[in-house]
Protein chains: 2
Amino acid sequence: MLGYPIAMDFGDPAFLRCIEPDCSSRYPAGERSYSCPACGGLLDLAYDFDLPSSPEAIKAVFKARKLQSEPAYLSGVWRFHELLPFLPDLSRVVTLFEGNTPIYEGPLSSEYCGLPSLRFKHQGMNPTGSFKDNGMTTGVTMARYSGASAVACASTGNTSASMAAYAARAGIQSIVFVPAGRISHGKLAQALEYGARVIELEGSFDDAMRIVRELAVETGLYLLNSVNPFRLEGQKTIIIEMLEQMDWMPPDWIVLPGGNLGNCSAFGKALHELSSLGFIDRVPRLAVIQAKGAAPFYKLFKSPDCQALVPINHPATLATAIRIGNPVSWPKALRSLQWTNGIVEQVSENEIADAKAVIGRDGIGCEPASAVTLAGAKLLVSNRTIDRDASVVCVLTGNLLKDPGYTMDYHSRKLRLETADGERMILVTRANAPERLAADKNLIRRHLKL
Amino acid sequence: MLGYPIAMDFGDPAFLRCIEPDCSSRYPAGERSYSCPACGGLLDLAYDFDLPSSPEAIKAVFKARKLQSEPAYLSGVWRFHELLPFLPDLSRVVTLFEGNTPIYEGPLSSEYCGLPSLRFKHQGMNPTGSFKDNGMTTGVTMARYSGASAVACASTGNTSASMAAYAARAGIQSIVFVPAGRISHGKLAQALEYGARVIELEGSFDDAMRIVRELAVETGLYLLNSVNPFRLEGQKTIIIEMLEQMDWMPPDWIVLPGGNLGNCSAFGKALHELSSLGFIDRVPRLAVIQAKGAAPFYKLFKSPDCQALVPINHPATLATAIRIGNPVSWPKALRSLQWTNGIVEQVSENEIADAKAVIGRDGIGCEPASAVTLAGAKLLVSNRTIDRDASVVCVLTGNLLKDPGYTMDYHSRKLRLETADGERMILVTRANAPERLAADKNLIRRHLKL
């Protein structure tokens, strides 16, 4: 375990704590450690919270900061820093003004899954197009505080794009490990553009994860996967901001995609802390949705004793952001289910693809992994796990533009299949030849029945 | 000219006015007209402004709305509605909570162009990833008010993506006309996902524009290109929000890309109105930057009499969003130059590509067309048009993810060219075979000098 090369002056309340109940070892927050030196368990950033005023007063402070111009308060993460009090001051935060993401209603999506009170919290509206930015502002800020000269992660794409952007803001070299040929074009382009060194590995995300974890222990690389507990502190604010947008009246359910399970871990921790501190008087239930071909957490949840996750060696789904067979955060995610009376469900590739297109028809674009939420909500309504009158928020995790190839393929297939939706693309030739103009216009008018 | 099929109750102050000084004909704001019936000139939405209070008081109202939860006030467009007062009420606006885009500093970009006080206003952080959303919320809202059953546009991609999303929100069919094979994958995927009917035309954007304009006059299609004056009213708020973010202290220069020139038209109108109404006491100069292969406005600006734009039949640039040879809004854009003492410059493909990569190294992603701004700023500093101590805001118009192919190609070329930047991508094979792990890790460590 490496200590920080520069003196760290952390706020008193923060410390690292092993999440294993039998261990619960505590370590200084400034120690660079990604697992418990005593037992190997995952580490939480924990706090002896000492809030400056009542929850209601702090909520008012959160809101008032929207009118302030300090860079940290332009961020939808640091604006809530009383609930992630690990930095002594906010003057050196690395921010792209992440968070501040919208909540949308989706009439067609509501109808599709049978939930009149359905909403989408769209984390794909973040600066690099995914929820990872919420956690990367905290993770890279810690890397800067720790004097790291290089940061690294294994990634299905979104993490690397986000890490590379924040590392660029901080002036730190970033190195990303990605499974060769298995991340979308757009995400790879982002990492390259933001100056990352990209290492493609033939193998899965899980192979890349294993290598980068070992390298981080053996070298000076600062690891920024979600085993880094500071990442999850930023991701907590997805929940905090959502609740603020809902005037602190929690929904009945929060539905989220399950890949590496960092969000499930962070969301549960956020809800547990908010409830303990008196910010909310009711805890929403989490529903984690996985793709059938990459559903080790679902299998764990359905197992009789719920004791240990069995990795899937060859995870398979077109939703690349959640194509993960050995999610490192599963013990934290399991704890989140316990804290929130949560559940896990799985959906098929067809269900994902169709749900994504329905969300699109509501004018909301998302990447495939995000669409598992609507597919899952539909399934959970149909099997009566979720009541039709429940208020439900689906968290969309990535932007449509993260994976346009998937979208193009989907709509092309529809065309070839001649679905009820009809033809959606036609090719009109030679429209630039003046003598063809009238004929072409007539063709278009006939086609569109104008 | 078609009237509106339903009764329109417009606010008194708004009317349409021909921009040709010799004509200046006035028409009701509710008339569906895209050019002056009297002389064929472009139409402005104009107002007999009757502000409810002083500019300072209205600025305070704008700011206070950030804390309100009405959908219209969550929009960075409608929050400023006193400056675009054409709607009788805001209850039916079609919004995705557009605007609210960040201003970033870019240290490497500043150094690159020699401007310590350089900032980026990033319109690519809009819901569909481009500045078009600012104008589409107003345009589609008008389409809804007018009872339109279908909206249409010609597009290099961003307009169609935006229009399709807002039309989906409004429950209106959208039809987009795009030059075949000349818009990016991502943008086409967006239009399809949001439910647009896509008509690909063999020809240029200008060919598509011509056809859709004629169809809009001949049929019931509601035209949403920037000849629609309501589009430009929304785009004005890019300037209004920028100035609010700068505490209403205008920069010396605003640098923007020049394609169809809608932004130049809207920005000049915004600055002219803000100055006339007393919101600002100084008007920033506009610098419009075009790509050399698609620079008809630059040629007009450099011509002795500045009388008429000569279209370019085969515009050529990899910055597809500004690959436009016959920009419809050029008379309005020319007026904007007059109002702001503005200028036009042109930059090469290499200059665009390099500038884009520099912006990326600042952790800010943009599409190629956006990068003409930094390339132009660099040129204008080097030829002493812009002082080194000037405050300059470059407007980035589109998201990096709009065109990842360009980015991949750029960084691949760099790799092949073996630039000073060194290799940025390597392929490590068989990392998933356990017996290869140690060797692979050593290879990576040697490569990265860990």
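Rule-based calculations on the coordinates, nothing more; no lab input. In this text the structure is predicted, and so the values were computed from the model without any measurement. Glycine gets a Cβ as well: all are built from the backbone with ideal geometry, and neighbour counts include every protein chain shown.
Round to the nearest 10 and give me the degree value, 0 to 90, for the angle of helix A:132-145's Cα axis relative to the longest principal axis of chain A. Tilt of helix A:132-145: around 30 degrees.
Cα extents for region B:269-350 along the principal axes, largest to smallest and rounded to whole angstrom: 43, 27, 19. Each of A:Ala72, A:Pro37, A:Ile19 was placed along the dipole of region A:7-76 (beta-carbon charges, centred on the mean Cα), and the one lying farthest toward the positive end is A:Ala72.
Since only A:Asn134, B:Pro311, B:Val93 are under comparison, the one whose Cα sits farthest along the positive direction of the charge dipole of the protein assembly as shown, derived from C-beta charges on Lys, Arg, Asp and Glu, is B:Pro311.
Excluding the site residues themselves, the longest part of chain B lacking any GluC sites (Glu not before Pro) in a DSSP loop with at most 14 other Cβ atoms within 10 Å is B:1-417.
Between amide H atoms placed 1.01 Å from N, distances below 5 Å from B:Asn225 occur with B:Ala154, all of them 5 or more places distant or on a separate chain. Residues whose amide H comes within less than 5 Å of that of A:Ala150, counting only those at least five positions distant or on another chain, are A:Tyr222 (H built at 1.01 Å from N in the peptide plane).
Compared with the dominant principal axis of the Cα atoms in chain A, helix A:368-382 is inclined by about 90°.
When +1 charges are put on Lys and Arg Cβ atoms and -1 charges on Asp and Glu Cβ atoms, the dipole computed for chain B relative to its Cα centre reaches about 1220 debye. Its Cα centre serving as origin, region B:97-243 has a Cβ charge dipole (Lys and Arg +1, Asp and Glu -1) of approximately 220 debye. With the largest listed first and rounded to whole Å, the semi-axes of the equivalent ellipsoid of region B:209-283 from the Cα gyration tensor are 31, 12, 9. The residue in chain B that lies nearest, by its beta carbon, to the axis linking chain B with chain A is given here with the distance in whole angstrom as B:Leu401, 2. Of all beta bridges that DSSP places with both ends in chain B, some 30 percent have antiparallel geometry.
The 3J(HN,Hα) values that the Karplus relation (6.51, -1.76, 1.60; θ = phi - 60°) gives for region B:395-402 are, in residue order, 9, 8, 9, x, 6, 3, 6, 5 Hz. Gly and Pro appear as x. Taking amide H positions as modeled 1.01 Å from N, with prolines and chain starts lacking one, the residues under 5 Å from A:Glu200 and 5 or more places away or on another chain are A:Val178, B:Ile426, B:Val428.
Counting only alpha carbon atoms, the long axis of helix B:158-170 and the longest principal axis of chain B meet at about 60°. Its DSSP H runs of at least 4 residues, each contributing -39,500 (n - 2.57), put the calculated 222 nm mean residue ellipticity of the protein assembly as shown at -12000 deg cm²/dmol, to the nearest 500. Shown for A:Asn313: label points 7 Å from Cα along the beta-carbon vector, and their distances to the equivalent points in the other copies, 6.4 nm in ascending order.
Residue-wise HN-Hα couplings along region B:105-112, as the Karplus relation 6.51 cos²θ - 1.76 cosθ + 1.60 with θ = phi - 60° gives them from phi, are 7, x, x, 5, 5, 4, 5, 4 Hz; Gly and Pro carry x. Within a straight-line Cα-Cα reach of under 21 Å, B:Lys132 can be paired with the following lysines, leaving aside sequence neighbours fewer than 8 residues apart in one chain: A:Lys402, B:Lys121, B:Lys187, B:Lys236, B:Lys269, B:Lys332, B:Lys356, B:Lys402. Think of the protein assembly as shown as a dipole: +1 on every Lys or Arg Cβ, -1 on every Asp or Glu Cβ, centred on the Cα centre; then among A:Ala189, A:Ala375, B:His122, A:Ala189 lies furthest on the positive end. A Cβ-based charge dipole, computed about the Cα centre of the protein assembly as shown with Lys and Arg at +1 and Asp and Glu at -1, lands at about 1420 debye.
Look at the alpha carbon pairs under 8 Å that are at least 6 residues apart: their mean separation over the length of region B:41-177 gives a relative contact order of 18 percent.
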